[in-house]
1. Considering only residues that are polar (S, T, N, Q) and buried (at least 21 other Cβ atoms within 10 Å of the Cβ), look in segment A:95-113 and name the one that is nearest to A:Ser357 (Cα to Cα).
2. Output the residue which, of all residues in segment B:133-149 that are assigned to a loop (DSSP other than H, G, I, E, B) and open to solvent by less than 10 Å² (accessible area, probe 1.4 Å), is nearest to B:Met348 (Cα to Cα).
3. Quickly run through segment A:186-208 and pick out the residues that are in a loop (DSSP other than H, G, I, E, B) and in contact (Cβ under 8 Å) with a residue 12 or more places away in the chain.
4. If I ask for residues that are at pLDDT 95 or above and part of a strand (DSSP E or B), which ones from segment A:334-375 would you list?
5. So B:Pro105 ticks every box in (1) modelled with pLDDT of 95 or more; (2) on the phi < 0 side of the Ramachandran plot but one. Which box is left unticked?
6. Given the conditions (1) aliphatic (A, V, I, L, M); (2) assigned to a helix (DSSP H, G or I); (3) open to solvent by 10 Å² or more (accessible area, probe 1.4 Å), report the number of the one that B:Ile392 does not fulfil.
7. Which members of segment B:406-441 meet the condition of being of a type in the set (A, V, I, L, M), out of contact with any Ser or Thr (no Cβ under 9 Å at 6 or more places or on another chain) and either assigned to a loop (DSSP other than H, G, I, E, B) or open to solvent by less than 50 Å² (accessible area, probe 1.4 Å) (or both)?
8. Restricting to segment B:406-446, name every residue that is more than 8 Å from chain A (Cβ to nearest Cβ) and among the hydroxyl-bearing types (Ser, Thr, Tyr).
Number of protein chains: 2
Amino acid sequence: MIRTPAAFLSEGEVRRVHEASLEILEDVGMLVRNARAREIFAKHGCKVEAGGENVRFPRSVIEQHRAGIPPKFTFRARDPQFDRTVPDDTPVVISGSSAPDMVDPATGLARRAFAADIARIARLVDQLPNYDIFSVSTLADDAPPGFFSVTRLYAALKYCRKPLRISGPPEELDAILKLAHIIAGSESAYRERPFITHHYCPCVSPLTMDYDSTEALIYYAERGLPGHPTLVPNAGLTAPLTLAGTLVQGNAEFLAAVVLEQMVRPGKATIYSSLPTVADMRTGAYAPGAIETGMLFMGVAQMARFYGVPCGGYIGLSNAKVNDAQSGFETGMSGVAALLSGNHLFNMAGLLDALMSFDFAKAVIDDEIVAMLRRIQRGLELTEENFALDVIREVGPGGMFADHLHTLERMRTTGFLSEIADREPRQGWAEKGALDAQGRAMLRVRDILTRDAPSLFSHDVDARLRSEFAGMVAATFAPPEGWTRAPDEALSDRAERRRRRLAQQAEA
Amino acid sequence: MIRTPAAFLSEGEVRRVHEASLEILEDVGMLVRNARAREIFAKHGCKVEAGGENVRFPRSVIEQHRAGIPPKFTFRARDPQFDRTVPDDTPVVISGSSAPDMVDPATGLARRAFAADIARIARLVDQLPNYDIFSVSTLADDAPPGFFSVTRLYAALKYCRKPLRISGPPEELDAILKLAHIIAGSESAYRERPFITHHYCPCVSPLTMDYDSTEALIYYAERGLPGHPTLVPNAGLTAPLTLAGTLVQGNAEFLAAVVLEQMVRPGKATIYSSLPTVADMRTGAYAPGAIETGMLFMGVAQMARFYGVPCGGYIGLSNAKVNDAQSGFETGMSGVAALLSGNHLFNMAGLLDALMSFDFAKAVIDDEIVAMLRRIQRGLELTEENFALDVIREVGPGGMFADHLHTLERMRTTGFLSEIADREPRQGWAEKGALDAQGRAMLRVRDILTRDAPSLFSHDVDARLRSEFAGMVAATFAPPEGWTRAPDEALSDRAERRRRRLAQQAEA
């Protein structure tokens, strides 16, 4: 347990950021492109520019509506054992989402992603123990017009049991719900257990609410279905080139978005989710892997605590194109900074090249990084039994702890037992093939993707989905081209040992 | 600035760890192999076993002597501009020390390290902007018996202007000082500016003080020369297999070591430096790259704050054998955890394979990781000017910040401008050679090591050292075999641009 989170801001500075955000919303306001949103704002006391799109927010309106946000948010799955709640289950980990490309596991080269890739990714996320939620990690380039969202959802829900998160264009929202109802059995069954969490980025910085995502926000809020926004200010391009200014502007945008949610449905649960970045001003490059993103998450966590809202976002992204040291330190450093400062939701993992491409090996490496974050979250476990003063006394100066019962009982639980991080001395490592983290991760990818992946749909549901959405690409899981199950016994044994160990750890 | 450090322990738990440490020292005691140390302990009120080596510490003795430790420690260089003080200059970064092997830059294979390697490493550490202190990174396999320390020191001090840290065997301590006096010009000149900080690991866990390092501790403390211990409990083998027990036992060992320093020289400055680890109990492997080491540093930082002593240690080590994702996330994650919890001294960088081998590329990659830690340390810089409310107002909803004067003024200072982390889109990266972090780091290694490295010794000093220590290996800097200065104009331009940028950043 982390007793005191790391903090950059004093209480006075937290209040100042809040006040400055209110000043912006009151004096400058937001451009609101969606007419329905403008109507809702006007109805609740905001000042809407006559014949224009500018909306100004009296501070009392903001204060009134933000006060009603509940302190928890639950992601639901079809099977309740996979439900996850922030902040209770911190860190709650979501796979990275919506990359247009993927690194082909056979060639190692990036290419467009297709529905069949989503089926494999769904299976991988289902099997990796440290992912809580599957945010559909890629687009599907082969999805026909109008069938984009259902193509992605079909593959995702067919192979992953965990809660699902997705975003979709306004014209496909009805289809998304229809698909959900078919899988749930009925609309009422789905409403009882809405296993899709909807996601939208309604704010285009600076201070603009778009048409499409704002429409999705309203659509789901009206129906009482779970969803949350993500705010994405980019210092130097769409926000001031200071961390302080980016924090303030992003906070104002957050308040505008969640106040709209509350106006549509008072008491709606949400998340202070963001992806604040600083552009690399040498080239204007988008740099979510930069350490400033981790630092901004530290500031956001303090604001979220002030508001009593769970928080997190796209934490642990990397600008690396391959799984090199950069991909490791960018993902790991921002991840630790975000965890130790009190973030709850980690929308990380599996993406390279600044959200542009999904990579199977990255997903496996990130699974281990998340396991390390979970170990931090467990904390030092300071109990009298763990202080082990009697054991220290018994072993005595110059003694050995290795064969003490106290040690034997804890051999698999005290230290996180790494799978990707190799701990052999150099010679043993060389004799076993001198694999780097990428190589070890690919062994695990291969182990998962060459096993059978059962469909989670009954024949009946599958048939109904295919008939209802006859135009979609109905992907079926298959190993990547050219990959067959290894006849290598050693590999199977290794996987078997790992499964047993994970089961033991889960019990402990 | 980090206003509130991350903390696992409540104030009561900090006090409980302290009390439990006192209990261990009072009831169990330490085995003290060094007779001089036993005499000193006895003279100051400890209970020394008649005819044996066990020493028990009344709590009043511990409390009295630990209260006199000063809150700061300064590392001095020959030129005062390179002096660094903890905690004022946090994070103070020392290169990793005393690896027996190095990864040969030409072959990429590990081999024994030699004096000529130390000359190259000294030059690299001198040139990398984020290293503050040079702890001699490798042993010297070609040093003749009796000339081990002077061989290492000669190469190190000849090419690196930064403060130096080293440890040496008892029989070489006089020679170390004689070398220092020759370089300083005289004994009194050296005493005025002791540019070598001495390092020792007097405690062999559990609860044992060895002969050699304890002798070094006494030797330097008697002479009023700067030095500090490092504590190295290893959970499961030399400490209980719990983080709580390892924290307590290591803390008891720390108290025993620094109380001895205070008894020899009251008011001596020191550092709560450690390397607490959890053994990987599958094989007993030493695992300083494990996240538990980063977590234990968080606990140590809280104890050090309680004692008012600067703290840190071997933070950011890795078990990786190559510069892969593992090396990145292990070094980065423990580094951030240690920084955000209030450690001051980061004895990291350059080592692979759990302290076994030095690697030039790792040193350059770690230089960038440290730059990211320094960026965190700078903080969010929450000033009214940085909130930039006027700029947000001027740019307005939907506007652009890129060409605003406020942005132009901050283009090189707000975000850390990475050298190793690549931020190109994939295609641009591929067109420029698709280098991973290892490849980019080697470009920089090559840039530094193929330039001239001037000797920092005058002809006179050099001659006196060679004559005084005629048996030592007097290494002279030369580029790695087969490396010549690149005629590649692009490379030189790139290096030149980097130098200009670093100079600009340093001014800002």
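1. Just the residues of segment A:95-113 that are polar (S, T, N, Q), to begin with: A:95, A:97-98, A:107.
Okay, now just the ones that are also buried (at least 21 other Cβ atoms within 10 Å of the Cβ), so A:95, A:97.
Details: A:Ser95: 13, A:Ser97: 10 Å.
It comes out as A:Ser97.
2. Just the residues of segment B:133-149 that are assigned to a loop (DSSP other than H, G, I, E, B), to begin with: B:136-137, B:139-147.
Filter again for open to solvent by less than 10 Å² (accessible area, probe 1.4 Å), leaving B:136-137, B:140.
On the way: B:Val136: 12, B:Ser137: 10, B:Ala140: 20 Å.
Result: B:Ser137.
3. Within segment A:186-208, the subset in a loop (DSSP other than H, G, I, E, B) is A:186, A:193-195, A:201-202, A:205-207.
Across segment A:186-208, the qualifying residues are A:Arg193, A:Pro194, A:Phe195, A:Cys201, A:Pro202, A:Ser205, A:Pro206, A:Leu207.
4. A:Leu345, A:Phe346, A:Leu351, A:Leu352, A:Ser357, A:Phe358, listed by residue number.
5. Condition not satisfied by B:Pro105: (1).
6. Here B:Ile392 clears every test but (3).
7. If the condition is that a residue be of a type in the set (A, V, I, L, M), out of contact with any Ser or Thr (no Cβ under 9 Å at 6 or more places or on another chain) and either assigned to a loop (DSSP other than H, G, I, E, B) or open to solvent by less than 50 Å² (accessible area, probe 1.4 Å) (or both), then B:Met411, B:Leu417, B:Ile420, B:Ala434, B:Leu435, B:Ala441 are the ones that fit.
8. Result: B:Thr413, single match.
The values are calculated or read from the model by the stated rules, or taken from the named source; none is laboratory data. Predicted model, so just to flag it, every value in this text is computed and none were measured. Here the Cβ is made from the backbone with ideal geometry for all residues, glycine too, and neighbour counts use every protein chain on show. We work out accessible area using only protein heavy atoms, side chains counted, and drop any ligands, DNA or RNA first. Shrake-Rupley method; radii C 1.70, N 1.55, O 1.52, S 1.80 Å.
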